[in-house]
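The values are calculated or read from the model by the stated rules, or taken from the named source; none is laboratory data. No experiment lies behind these values; they were computed from the predicted model shown. Because the Cβ atoms are built from the backbone with ideal geometry, glycine has one as well, and the counts that use them run over all protein chains shown. When the accessible area is computed, the model is the full protein with side chains, heavy atoms only, and any ligands, DNA or RNA have been set aside. Shrake-Rupley method; radii C 1.70, N 1.55, O 1.52, S 1.80 Å.
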Amino acid sequence: MDFPPVRVQRQTLSGVVAMGLGVVALIAIASMPFWASQGLIRDVVELCCYIAVAQMWNLLAGYAGLVSVGQQAFIGVSAYMMFVMAQLWGINPFIAVVLAMIAPALLAIPTYGLLHRLDGPYFAIGTWVIAEVLRLGTSVFGYVNGGAGMSLRVMTGYSPMERAIGVSLLCALMLLVTVGGSYWLLRSRYGLALIAMRDNPVAAASQGVNVGRLRFLIWVAAAVGTGLAGAIYFMAQLRITPPSAYDPSWANIAIFIVMVGGLGSLEGVLIGALIYFFAERWFGEYGATYMVVLGLLTVFMALFARGGLWGLICKVVDAPWFPTRRRLMEDPT
Amino acid sequence: MQWLDGLVQGVLLGGLYAQYALGMALMFGVMRVVNITHGDLMILLALVGISLASTFSLGPWSVLVVLVALGGIIGIILQRLILNRVVGADPLPSLIATFGLSIALQNAMLQVWSADTRSLPSDGLAQASFQLGPLFVGVLPVIVLITATVLTAALAATMQYTRFGRSLRAAAADVEAAAMTGIDPKAVYAGATALAVGILGFAAVFQSMRSTVSPADGAFQLIYAFEAVIIGGMGSIWGAFIGAMVLGISQSIGFRIDPGFGILAGHLVFLTILALRPQGILGKG
Amino acid sequence: MTAKTLLSTHDLKARYGDFQALYGVDLDIAEGEVVALIGANGAGKSTLLKSIMGLIRVGADMVRLDGRPVGGSKPHQMVADGVAIVPEGRRLFAGMSVLDNLRVAVDHAAPGRGDAWTIERIHALFPILKEKQAVPVQSLSGGQQQMVAIGRALLNQPRLLLCDEISLGLAPKVVKEIYQSIPSISANGTAIVLVEQDVGLAKSASDRLYCMLEGRMTLTGRSAELSREAIGEAYFGASHAVA
């Protein structure tokens, strides 16, 4: 039988445009100190941290089938590690941000070992216990000044410009690692396995995907990505306390962004993060009422629109920013 | 003596935790769902109870009757409106839906009752104590423990010997086969959730009598309930009771080592059990 | 045929997502009748039973009970209307005793149907179940489990009993034992649909026979009057029969 000559097409026009815009955005973020105000830099850093934390949660819940409500464990542990390295051990704080990633990676290994024994929904509550243990443990740990917390006084040794350059470069790096890294992962040979796993873990396992190992690797990778956001966020804050480091709102933020934006898509995370960021600024002053609306919106998405806004957009136009599908194109001969 | 006292206080504290844990064990056993609003609903019931008590000058036992009934109604509404749409093999929808609801509920309570801590007047019951050998034991904690034991026994007997209990067990084993045998799964699920939240009515009254409640406390109660269930053995009613005792004793002894260590000690015992005996104390295998 | 039609399907179409499994199936069962339904794997036999039972959504008019449209009813409503099923793979309630498995059906028996079937009668039909009544159901042998599944369905007091491959995976001796219970069930006035892969068994146990192929009915007639050739042609398709 003769097959027509085909080639596998994986890039689309929308993807090329988005890639271009992405590169421009990364350069813009990295060069912020030269064009942006202090206030804008602070906002962009915050937005970048939201994107990173949400994208890591998206990898877990949207592909690996691991729902975590305790990602703040990794935020806190890597932020504290960075403070200890920079403030107590005298390591250059900008390098400490990167070195501190050892902490979430090391934490992720035993926590997965313990928690993977728990059935679906219990896994999620288990992650919360881990975060609580770390919060309480840090509060009584004298080396990091217990419940009183720490200040990153070494930062006073750098000029505001130097700090801005450092934070901006780290932010660009973080987006490259979390969003770019996820995109690369989904397009790699693991990507097919991950998408198969998302759609049906049992079938994926029967097709030779080592679901357990892949889940573990994603868990560790997500811990590191989340930790990077934590270290950068608290470097910008200059102060850390156990309740702020292990704040459960990080889980709220990640879940809200992903569920509203679109579970299992990179585009959804970007949309969700932007919505959350502006909602926080415009409606945050309404406090509890705003949170009630946010909570109910999450319920609504879980009940009626699992694919989030991106899922709804995809029903109307097919223009992925991060194309991960493989398409067979017939070559004209 | 301090340790004996810690042990006794721990068992009494466990009585309260058992009342949180029973409903969670029941819901997970039947639907494989964890309701993240579990603790928040307890707080909601407690705050409603406190407001009722002060508005209509009701005694704690009248409040108890109202709250258990109200809990049952809330359970049915929760099941019909939300949980029935998300029950299934994938844990994500039910987790996310109840997680969002938990945020909404906590903040709504904050709007209505503010962040103040409140408690339910107990007609002096919370202060009453009696001497047992060398120890002074509170009357209220003993009532809590007895109530927890009776509730656990009653729930276990309901599961074992009643028509409703058989329906619950059948639906837990194979919900589609249960439907093919004439069981309406949605009705059985609604019954399970009504029972689970109804039991929280007891917990709400006792928690707000012996200590205080405020809108943000629910998350902690959820975690204690969860730890008790896992320590005891998933899905087992008596397991949840025993797990609650272990958790109560761990916290109480830990608190006597260092007041900052109490809650943490409970978490650490939970993690140790998870590492050494993941199926729980009463679990098989 | 003098007996009144109990259940019928009319141009029944069913699909799993994008996959269409039934292409307009007509079937009718009279009161007290034993009907066999045969066909190769994937012919749509189980799908047909599931559609009748309400496990697959179908149009209301596609299934009629006493002439009343019941298609798309929930399974528990079908049980209440007097239709019970012995599901493929038995689907017993693991962790519960034999007796409790049966009691669930007693608890949810079709209302207004009296108690023609009692646990005592099931014990008389399958004495081993009395002996094993306190045993967890998953520790029984396959044949014993099948007896529990049949007993459970009967205790729903059905007017129509759907049996999905009750001989599958059982030793011939056990199959014989189970099929010996069929006459005493239908003697009770209960109509039976037997889904079977064993054509000989199906033919001998039934009054009428239907054969399905690829989601369509290919043959129907009185079991005693159908020739082996006609059944073979309907079972495998005409091209196979010729070859």
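Per-atom-type breakdown for chain C gives carbon and sulfur 51% of the accessible area (1.4 Å probe, protein chains only).
Chains C and B together bury roughly 1800 Å² of accessible surface, counting both sides and using a 1.4 Å probe on protein heavy atoms. Please work out the Cα center distance from region A:54-112 to region C:41-56, rounded to the nearest Å. Their Cα centres are 51 Å away from one another. The alpha-carbon of C:Lys50 sits under 16 angstrom from the alpha-carbons of these lysines, leaving out residues fewer than 8 places away in its chain: C:Lys13, C:Lys74.
For the listed peptides A:123-136, A:157-170, a ranking on the average number of other beta carbons within 10 Å per residue, highest first, reads A:123-136, A:157-170.
Defining a contact as two alpha carbons under 8 Å apart and six or more residues distant in sequence, what relative contact order in percent does region A:14-330 show? After rounding, I find 32 percent. Phi angles across region B:141-158 convert, under the Karplus curve 6.51 cos²θ - 1.76 cosθ + 1.60 with θ = phi - 60°, into 3J(HN,Hα) values of x, 5, 4, 4, 5, 4, 4, 4, 5, 5, 4, 4, 5, 5, 5, 4, 5, 4 Hz, Gly and Pro given as x. Note on region B:39-165: Cα Rg divided by 2.2 N^0.38 Å, N the number of residues, gives 1.32. Between the alpha-carbon centres of region B:180-250 and region A:118-141 there is a gap of 19 Å. For C:Lys176, a cut-off of 19 angstrom between C-alpha atoms picks up these aspartates and glutamates, skipping any fewer than 8 places away in its own chain: C:Glu88, C:Asp164, C:Glu165, C:Glu196, C:Asp198, C:Asp207. Taken one residue at a time, the phi angles of region C:97-114 give Karplus couplings (6.51, -1.76, 1.60, θ = phi - 60°) of 6, 4, 5, 5, 4, 6, 5, 4, 5, 4, 4, 10, 5, 4, x, x, 9, x Hz. Gly and Pro are set to x.
Take the protein assembly as shown with all the other protein chains still there, run a 1.4 Å probe, and you get 41 Å² of accessible area per residue. If you take all other residues with their beta carbon under 11 Å from the beta carbon of C:Arg208, and give Lys and Arg +1 and Asp and Glu -1, the sum is -2. Tell me whether region A:155-262 comes out rounded, prolate or oblate; compute the Cα gyration tensor, take square roots of the eigenvalues as a ≥ b ≥ c, and use a/c under 1.5 as the rounded threshold. Since a/c reaches 1.5 and a/b is larger than b/c, the shape of region A:155-262 is classed as prolate. Judged by the gyration tensor of its Cα atoms, with axes a ≥ b ≥ c, region A:187-227 is prolate; a/c meets the 1.5 cut and a/b is the larger of a/b and b/c. In region A:65-114, comparing the full protein assembly with the chain on its own, the residues that lose 10 Å² or more of accessible surface at a 1.4 Å probe are A:Val67, A:Val69, A:Leu114.
If R0 equals 45 Å, the separation of the Cβ atoms of A:Arg281 and B:Ala89 corresponds to a calculated FRET efficiency of about 0.70. Fully extending the segment from B:Ser129 to B:Ala156, taken as 0.36 nm per residue of separation minus the present Cα-Cα distance, adds 6.7 nm. Please report the projected area of region B:193-285's Cα convex hull averaged over all directions, in nm². With the hull built on Cα positions only, its mean projection is 6.6 nm². Which shape class, rounded, prolate or oblate, goes with region C:1-131 when its Cα gyration tensor gives a ≥ b ≥ c as root eigenvalues, a/c under 1.5 marks rounded, and past that a/b bigger than b/c marks prolate? Taking the square roots of the gyration eigenvalues as a ≥ b ≥ c, region C:1-131 is prolate. Label-to-label distance for C:Gln180 and A:Val140 is 7.0 nm, based on points extended 7 Å past Cα in the beta-carbon direction. Across chain B, the relative contact order, built from alpha-carbon pairs under 8 Å that are at least six residues apart, equals 37 percent. Legend: calculated FRET efficiency, B:Ser119 to B:Leu7, from the Cβ-Cβ distance at R0 = 25 Å, rounded to 0.05, equals 0.45. Modelled spin labels at A:Asp119 and A:Trp89, positioned 7 Å past Cα toward Cβ, are 4.2 nm from each other. Distance between the 7 Å Cα→Cβ label points at A:Arg153 and A:Ser249: 2.8 nm.
A helix-only calculation puts chain C at -9000 deg cm²/dmol for mean residue ellipticity at 222 nm, using -39500 (n - 2.57) for each DSSP H run of at least four residues, averaged over all residues. Element breakdown for chain B at a 1.4 angstrom probe: carbon and sulfur atoms account for 67% of the accessible area.
Over region A:14-330, the Kirkwood radius and the radius of gyration, each from Cα atoms, give a ratio Rg/Rh of 0.96.
Were the residues from C:Ser97 through C:Gln133 laid out at 0.36 nm apart, the gain over their Cα-Cα distance would be 12.3 nm. Here, region B:80-147 has an Rg and a Dmax of 20.2, 55 Å when only alpha carbons are counted. Between region A:260-302 and region B:64-95, the alpha-carbon centres lie 24 Å apart.
Counting protein heavy atoms only, region A:14-330 has 68 percent of its accessible area on carbon and sulfur, 1.4 angstrom probe. Pairs of C-alpha atoms in chain C farther apart than 32 Å represent 18 percent of all such pairs. Can you list the lysines whose alpha carbon is less than 27 Å from that of C:Lys173, not counting same-chain residues fewer than 8 positions off? Cα-Cα hits under 27 Å: C:Lys45, C:Lys130, C:Lys132, C:Lys203.
Averaging the sequence gap over all C-alpha pairs within less than 8 Å and six or more residues apart, then dividing by the number of residues, gives chain C a relative contact order of 26 percent. Between B and A, buried accessible area from a 1.4 angstrom probe totals roughly 3700 Å², ignoring ligands, DNA and RNA. Using the Cβ-Cβ distance between C:Lys4 and B:Phe164 with R0 set to 45 Å, the FRET efficiency from 1/(1 + (r/R0)^6) comes to roughly 0.75. In order along region B:181-187, phi translates into HN-Hα couplings of 9, x, 7, 8, x, 5, 5 Hz, rounded to whole numbers, per the Karplus curve 6.51 cos²θ - 1.76 cosθ + 1.60 with θ = phi - 60° and x for Gly and Pro.
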